[in-house]
Amino acid sequence: MLLPALAKAKARGQAAACMNNLKQMGLGQIMYVTETGKTFPVGYSPSNFWMAVIRRDVPADKIRICPTAPVPAKRTPTGEA
């Protein structure tokens, strides 16, 4: 009887962590726009991709990956897919 309750609590905790990560990503994007005086980055090359551009404002790789996302087999130890 206790296991379903624990699973629900774990899912709620992971959802809260994911929402916090999204908030941090949004704050990083706002910081980028505020500091550079530019619009939101819209590049499609690897060096101009928006996640690469805001990396200086959102440095932690764990923020960019939802805790409930499936882990690809080829993910590197640094957390990048």
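The values are calculated or read from the model by the stated rules, or taken from the named source; none is laboratory data. These numbers were taken from a predicted model, which means no experiment stands behind them. Cβ atoms come from the backbone with ideal geometry, glycine included; neighbour counts cover every protein chain shown. The accessibility values were calculated without ligands, DNA or RNA, using every heavy atom of the protein model including side chains. Shrake-Rupley method; radii C 1.70, N 1.55, O 1.52, S 1.80 Å.
Report yes if some residue within the range 4-15 is surrounded by 12 or more Cβ atoms within 10 Å (Cβ to Cβ), within 12 Å of the chain's Cα centre (by Cα) and modelled with pLDDT of 70 or more; otherwise report no.
no
Show the residue pairs meeting these rules: Cβ distance below 7 Å; 6+ apart or different chains; first residue within the range 54-81 and modelled with pLDDT under 70; second residue open to solvent by less than 80 Å² (accessible area, probe 1.4 Å).
Qualifying pairs under 7 Å: T78/D61; G79/D61; G79/I65; E80/D61; A81/P72; A81/R75.
Does P46 qualify as being open to solvent by 70 Å² or more (accessible area, probe 1.4 Å) and modelled with pLDDT under 85?
The answer is yes for P46.
Considering the range 52-63 alone, what residues qualify as being within 16 Å of Q29 (Cα to Cα) and either touching a helix residue (DSSP H, G or I) at 6+ places or on another chain (Cβ under 6 Å) or open to solvent by 40 Å² or more (accessible area, probe 1.4 Å) (or both)?
The answer is A52, I54, R55, R56, D57, V58, P59, A60, I63.
In the range 16-30, how many are under 18 Å from R56 (Cβ atoms) and either among the aromatic types (F, W, Y) or open to solvent by less than 80 Å² (accessible area, probe 1.4 Å) (or both)?
Adding up the residues that qualify gives 7.
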